[in-house]
Amino acid sequence: TVLAYTSVCTHQGCKVGSGSGETFECPCHGSKFSKADGSVAQGPADASLKRFPAAIEGDKVKIFL
């Protein structure tokens, strides 16, 4: 399974980092998002990260925008 999410925090548009463990983390205000489904794990963000369809083709990851 390949999952692709936007790296833009839904709180105020900062770039979300890779985080640690099971969450992506926003360095601006501390929001955390689940790596499993992009949902908010900790606010202040109140909306999930946008998810894009993706697939592995050969040795590349293809994202369908």
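The values are calculated or read from the model by the stated rules, or taken from the named source; none is laboratory data. From a predicted model like this one, the values you see are computed outputs, not experimental measurements. FYI the Cβ positions are ideal-geometry reconstructions off the backbone, even for glycines, and counts take in every protein chain you see. Surface accessibility is based on the protein's heavy atoms, side chains included, excluding ligands, DNA and RNA. Shrake-Rupley method; radii C 1.70, N 1.55, O 1.52, S 1.80 Å.
Can you pull out the chymotrypsin sites (Phe, Trp or Tyr not before Pro) in the chain whose DSSP state is coil and whose Cβ has at most 13 other Cβ atoms within 10 Å? Working shown, then result.
On the way: sites: TYR5, PHE24, PHE33, PHE64; in loops: PHE64.
Counting only loop positions with at most 13 other Cβ atoms within 10 Å, the chymotrypsin sites (Phe, Trp or Tyr not before Pro) in the chain are PHE64.
If packing is taken as the average count of other Cβ atoms within 10 Å, what order do 25-31, 52-58, 39-45, 13-19 fall into, highest mean first? Each step should come with its number before you reach the end.
On the way: 25-31: 17.0, 52-58: 10.7, 39-45: 15.4, 13-19: 13.9.
Ranked from most to least packed, the peptides come out as 25-31, 39-45, 13-19, 52-58.
For the stretch 34-43, just list the computed ³J(HN,Hα) in residue order, Karplus coefficients 6.51, -1.76 and 1.60, θ = phi - 60°, integers in Hz, with x standing in for Gly and Pro.
3J(HN,Hα) across the stretch 34-43, in whole Hz: 5, 6, 6, 9, x, 6, 6, 9, 7, x.
For the chain, report the accessible area per residue in Å² (1.4 Å probe, heavy atoms, rounded to an integer). Before the final figure, lay out the partial values.
Numbers: 4280 Å² over 65 residues.
That works out to 66 Å² per residue.
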